[in-house]
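To keep things clear, I will list the structure first and then write my remarks on it.
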Amino acid sequence: MAATLVEKIMARAAGRDTVSPGDIVTIAVDLAMAHDSSGPRRWQARLEALGTGLWDPDRVVIVSDHYVPAVDAESAAILQVTRTFARDYGVKNFYDMKGICHVILPENGHVKPGMVIAGGDSHTTNAGAFGAYAAGFGATDMTAIVATGETWTVVPETIRVNISGALGDGVTAKDIMLALCRDLGMGHHFKVIEYGGPCVDAMDMEGRTVLSNMAAELGAETGLIAPDETTLAHIRAHGGVVEDEAIQRWRSDPDAAYAKVFNLDASALSPQVAAPHSPANSADVGVHAGARIDQAYIGACVGAKLSDLRMAAAVLKGRRIAPGVRLLVAPASSRVTAAAARDGTLEALVEAGAVVLASGCGACAGLGAGLLAAGEVCISSTNRNFKGRMGHKDASVYLGSPYTVAASALEGRIADPRPFLKDRRAVA
Amino acid sequence: MSAREGRAWVFGDGIDTDLLAPGYAMKKSPAELAKHTLEAVDPHFAAHIKPGDMLVAGADLGIGSSREQAAISLKTLGVSAVIAKSFARIFYRNCMNIGLPAIQFDPAGRIHPGDQLRLDLAAGRLSNLATGKTWPVPALPPHLMTMIERGGLMASLTARFAKPGAAAHPPRPQGASHD
């Protein structure tokens, strides 16, 4: 019987030959991941009450990324609990202030096709780009998972998104996702998205993880992309082990049944900007161009990887941000910071007027540095602009690609990045 | 299990986790955080809700973050059930896991703010006592019904780990290697 990729993963994890959408199954979890906000501070008392430890400390990854670095006694205490827990429960895969969990996982070879990854964060979907069922869970679910190594789930239907055409200059995977939030909607709960098509095939893994990351904004359990040579090369370059056979094994059958098929022509897409207070409030950048901003933010798992910083630098190099505007850059990981320092990206950003912040979830999660006051307006390379998310409830957040955020910082108003990139090519 | 009864607090579509548990209050204690529940859309909610009252919403209730505090704050305030046209998956699981029933039901035109509601989970019935109407609600899968009856996932886990012969993993391996 023809099966989708998620059905194949769940059949394997449930120890069954086949599963069908709607089946309630118990699946074995291959990797459990959590951060300082959702992990040890919520698990420890529960595990103690149950009188148990971790089912397999080597399959647990803990990352401190939400309250880093500590800004007050409360956040310091949360980090202290995280560190003590990792030590006492024997968690060797503890990444303390090294970057955002979703970026840490593939940076360190933890993800491979066919896995079931349970993460204590909604953007765990990010790892779906590697052909893994990677889904977010709340703290009690995660406690059960780290105690037992399994969880229940309903086998989800799959929505297939075919993306054809080549992205134009200044248009990115982020723009695809903002358009999809609008056109496909954010209500695909208890379903998975599966991306494919020539545009996805042409993307590197950083671009692909943007699609999977923001599957969360579509409401989906995860955003799957079947592995190919690009996937395997990335895993191996980051210390992971994966068999060549993964490419044939972990893909949907050609005649698999989808709940829905959606086709998008990326070549027809302009840069997108989502207006407050929903990623689905997106439109071509021209619709919002000219709106005044106080702050431009390049950050988060979805928007501050090396490729994202390079996009911002491509616009900003040799230019200065507008007077009165703050440009904040929080690289997604220490490795991103180091690479951006080596290749001149960081210099271009700082000389343009950017302030570089610690790696972590920071202002995107409403924590740490870079929050907004009442009435302030920010354009951000992050994935959510819900009311009250980045500071005061009466602040306004627009979402865009790193190109668009950088161009807006230069103008002090929301701006189309393409003229800045075109100028650059004329000079070069 | 006895039926739940309380007033309806009605909201629209897209009530997200940042509205339910705002980031700026996430470091506070559960009781303090709960005071900020939904304040950006209804400043009176947390102060005026009474034990037993129910949260009623449109589509996509609980979209956004995995933060379980979004569900815990509602329970802390005494909310006895959440009723919505549709739920975000993680929020739905979080509610069930803490023993707060999440019922998929389109309230449009059927439930108004302040209506007295009665939810009988075992019978699969929701009644609006203000209008006298009663509707069937979808039955929960048996494993969820059992979990809710026990009071949530922790109670189920406690039962599982308390079974004779249930091999618990060594709690807190003291002296484990620190490198």
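The values are calculated or read from the model by the stated rules, or taken from the named source; none is laboratory data. Remember, it's a predicted structure, so these values are computed and weren't measured experimentally. Note: ideal-geometry Cβ built from the backbone for every residue, glycine included; neighbour counts use all protein chains shown. For accessibility, only protein heavy atoms count, side chains too; no ligands or nucleic acids. Shrake-Rupley method; radii C 1.70, N 1.55, O 1.52, S 1.80 Å.
Just the accessible area for B:Tyr24, please: 1.4 Å probe, Å², rounded to the nearest 10?
80 Å²
For segment A:360-428 and segment A:88-115, write down the distance between their C-alpha centroids in whole Å.
28 Å
Loop only by DSSP, 16 or fewer other Cβ within 10 Å of the Cβ. Give me the trypsin sites (Lys or Arg not before Pro) in segment B:1-43 that pass, ordered by residue number.
Working: sites: B:Arg4, B:Arg7, B:Lys27, B:Lys28, B:Lys35; in loops: B:Lys27, B:Lys28, B:Lys35.
Passing both the DSSP loop test and the Cβ count: B:Lys28, B:Lys35.
Given R₀ = 25 Å, FRET efficiency for A:Gln80-A:Ser334 by Cβ-Cβ distance, to 0.05? If you can, show how the numbers build up before the last one.
Working: r = 21 Å, r/R0 = 0.83.
Plugging the Cβ-Cβ distance into 1/(1 + (r/R0)^6) gives 0.75.
For B:Ile72, B:Ile15, give the ranking by accessible area with the largest first, probe 1.4 Å.
Numbers: B:Ile72 40, B:Ile15 10 Å².
Putting B:Ile72, B:Ile15 in descending order of accessible area: B:Ile72, B:Ile15.
Counting only protein heavy atoms and using a 1.4 Å probe, what share of the accessible area of segment A:374-428 belongs to carbon plus sulfur, as a whole percent?
47 percent
Once phi is turned into θ = phi - 60°, what whole-Hz ³J(HN,Hα) does the Karplus curve with 6.51, -1.76 and 1.60 give for every residue of segment A:271-284, x standing for Gly and Pro?
Calculated HN-Hα couplings, in order: x, 10, 10, 9, 7, x, 10, 8, x, 7, 7, 9, 7, 3 Hz.
Take the solvent-accessible surface of the protein heavy atoms, probe 1.4 Å, and return the percent of it on segment B:4-159 that carbon and sulfur atoms account for.
Working: 3110 of 5700 Å².
Carbon and sulfur together cover 55 percent of it.
Taking the Cα centre of chain B as origin, sum charge times position over the Cβ atoms of Lys and Arg (+1) and Asp and Glu (-1), and report the length of that vector in debye to the nearest 20.
Using only the charged Cβ atoms, the result is roughly 520 debye.
With a 1.4 Å probe and every protein chain left in place, work out the accessible area per residue of segment A:383-428 in Å², rounded to a whole number.
37 Å²
Please give every one of the aspartates and glutamates within straight-line cross-link reach of A:Lys191, meaning a C-alpha to C-alpha distance under 15 Å, and leave out same-chain neighbours fewer than 8 residues apart.
Straight-line reach from A:Lys191, under 15 Å: A:Glu7, A:Asp23, A:Glu157, A:Glu217, A:Glu221, B:Asp60.
Please give, to one decimal in nm, the separation of the simple spin-label points placed at A:Ala369 and B:Ala123, each 7 Å out from Cα toward the Cβ.
6.0 nm
Hey, can you grab everything whose amide H is under 5 Å from the amide H of A:Glu194? Only 5+ residues off in sequence or another chain; H modelled, so Pro and N-termini drop out.
Sorted by chain and number, the residues that satisfy this are A:Ile159, A:Arg160, A:Val161, A:Leu224.
Which residues of segment B:89-112 bury at least 10 Å² of accessible area once all protein chains are present, versus their chain alone (1.4 Å probe)?
Flagged in segment B:89-112: B:Arg89, B:Ile90, B:Tyr92, B:Arg93, B:Asn94, B:Asn97.
If you place +1 on the Cβ of every Lys and Arg, -1 on the Cβ of every Asp and Glu, and leave all else neutral, what size is the dipole of chain A about its Cα centre, to the nearest 20 Debye?
Dipole of chain A, to the nearest 20 debye: 900 debye.
How much FRET efficiency would the formula 1/(1 + (r/R0)^6) give for B:Glu149 and A:Arg16, where r is the Cβ-Cβ distance and R0 is 30 Å, rounded to 0.05?
0.60
Between B:Leu77, B:His112, B:Gly12, whose Cα lies farthest towards the positive end of the dipole of segment B:1-129 when Lys and Arg beta carbons carry +1 and Asp and Glu beta carbons carry -1, centred on the Cα centre?
The Cα lying farthest towards the positive end belongs to B:Leu77.
Ordered by residue, what ³J(HN,Hα) values in Hz, to whole numbers, does segment A:125-142 give under the Karplus form 6.51 cos²θ - 1.76 cosθ + 1.60, where θ = phi - 60° and Gly and Pro are x?
Coupling constants for segment A:125-142: 3, 3, 6, x, 4, 9, x, 10, 7, 10, 9, x, 9, x, 5, 6, 4, 5 Hz.
List the accessible area buried at the contact between B and A, summed over both sides and calculated with a 1.4 Å probe, in Å² to the nearest 100.
Values: alone 9780 and 15940 Å², together 21420 Å².
So the buried area, both faces added, is about 4300 Å².
Give the long-range amide H neighbours of A:Thr151: residues separated by 5 or more places, or on another chain, with amide H under 5 Å away, using H modelled in the peptide plane at 1.01 Å from N.
Amide H to amide H, under 5 Å and 5 or more residues apart or across chains, A:Thr151 pairs with A:Ile27, A:Val29.
I'd like the mean, over residues of A:81-92, of how many other protein chain beta carbons sit within 10 Å of each residue's own Cβ.
3
So, in nm, how far is label B:Trp135 from label A:Asn263 when the simple model puts each one 7 Å beyond its Cα toward the Cβ?
Label at B:Trp135, label at A:Asn263, 3.8 nm between them.
Using the per-residue mean of other Cβ atoms lying within 10 Å as a proxy for protection, in what order, highest first, do the peptides A:379-392, A:233-246 fall?
On the way: A:379-392: 26.1, A:233-246: 14.4.
Output ranking for A:379-392, A:233-246: A:379-392, A:233-246.
Considering lysine pairs in segment B:13-163 that are 8 or more places apart or on different chains, how many have Cα atoms under 17 Å apart?
5
Might you tell me the accessible area per residue for segment A:199-303, computed with a 1.4 Å probe and given in Å²?
38 Å²
Provide a list, ordered by number, of residues in segment B:14-37 showing at least 30 Å² less accessible area with every protein chain present than when their chain is taken on its own, using a 1.4 Å probe.
Residues shielded by partner chains are B:Asp16, B:Asp18, B:Gly23, B:Tyr24, B:Met26, B:Lys27.
Going by a 1.4 Å probe on protein heavy atoms, which residues of segment A:114-154 end up with at least 20 Å² less accessible surface in the whole assembly than in their chain alone?
The answer is A:Ser122, A:Gly136, A:Phe137, A:Gly138, A:Thr140, A:Asp141, A:Ala144, A:Ala147, A:Thr148, A:Glu150, A:Trp152.
Cα gyration tensor of chain A, axes a ≥ b ≥ c as square roots of the eigenvalues: rounded (a/c below 1.5), prolate (a/b > b/c) or oblate?
oblate
Please list A:Asp343, A:Asp416 from largest to smallest accessible area, probe radius 1.4 Å, with all protein chains kept in place.
A:Asp343, A:Asp416
Name the residues whose placed amide hydrogens come within less than 5 Å of the amide hydrogen of A:Val63, ignoring near sequence neighbours (fewer than 5 apart) on the same chain.
Distant-sequence amide H within range of A:Val63: A:Ala34, A:His35, A:Asp36, A:Tyr95.
How large is ³J(HN,Hα) for each residue in segment A:72-77, as worked out from phi by the Karplus curve 6.51 cos²θ - 1.76 cosθ + 1.60 (θ = phi - 60°), to whole Hz, x for Gly and Pro?
7, 5, 5, 5, 4, 5
Where only protein heavy atoms count, and the probe is 1.4 Å, what is the accessible area per residue for segment B:59-98 in Å²?
In whole numbers, segment B:59-98 has 18 Å² accessible per residue.
Once you put a point 7 Å from the Cα of A:Ser164 and another 7 Å from the Cα of B:His112, both along the Cβ direction, what distance in nm separates them?
The modelled label-to-label distance comes out at 5.2 nm.
Provide the FRET efficiency to the nearest 0.05 for the A:His238-A:Asp343 pair, computing r from the beta carbons and using R0 = 22 Å.
Calculated transfer efficiency: 0.75.
Express in whole angstrom the spacing between the alpha-carbon centres of segment A:171-246 and segment B:19-65.
Using only Cα atoms to place each centre, the spacing works out to 32 Å.
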